[in-house]
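Quick note: the coordinates plus some simple rules give every number you see, no bench work behind them. A quick note: this is a predicted structure, and the numbers were derived from the prediction, not measured. A quick note on method: Cβ atoms are made from the backbone with ideal geometry, for glycine too, and the neighbour counts reach across all protein chains shown.
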Amino acid sequence: ASLHLEGLLREDYQAKEVQDLVGKIRNGLGSWLTFVTEPDVDSTNNRAERALREQVMLRKMFRSLRSAEGVRIHETITTMLATWERRGLDPPEQLRSMLGGRDLEARSETS
């Protein structure tokens with residue numbers, strides 16, 4: 001399938017709509033077929049979209065994230081939290097583990 005996609009990218013297309021589609025395919029070439037090799041990745045990405053929907057609505061309602069970087073960080077963290085919950089993992093424990101195992105509660109009490 002990857003070879004077929006790469007073959008499509010080598011063709012010349014006249015229609016603007018097709019050129020736009022080919023650009024999207026080119027930009028995501030390394031990611032389009034991830035669902036084939038990763039069983040936890042949904043082929044339609046609907047699970048990920050549903051997981052983010054609430055956070056996107058909150059961001060729009062409160063307009064609290066004004067920079068693109070802030071939005072990216074917020075979406076990354078909320079996606080990680082939702083994924084850990086879906087996998088039956090403890091999100092606070094996973095976050096502590098990612099941050100080097102530091103006990104954040106004890107550190108914030110001494111600040």
- Task: Take the alpha carbon gyration tensor of the stretch 1-97, find the square roots of its eigenvalues, order them as a ≥ b ≥ c, and report rounded if a/c is under 1.5; if not, report prolate when a/b exceeds b/c, else oblate.
- Result: oblate
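For the stretch 1-95, which chymotrypsin sites (Phe, Trp or Tyr not before Pro) are both in a DSSP coil and crowded by at most 16 other Cβ atoms within 10 Å?
Numbers: sites: TYR13, TRP32, PHE35, PHE62, TRP84; in loops: TYR13, TRP32.
Sites meeting the loop and neighbour criteria: TYR13, TRP32.
The stretch 1-91: which trypsin sites (Lys or Arg not before Pro) are DSSP loop and have at most 13 other beta-carbon atoms within 10 angstrom? Let's see the in-between values first.
Numbers: sites: ARG10, LYS16, LYS24, ARG26, ARG47, ARG50, ARG53, ARG59, LYS60, ARG63, ARG66, ARG72, ARG86, ARG87; in loops: ARG63, ARG66, ARG87.
Answer by residue number: ARG63, ARG66, ARG87.
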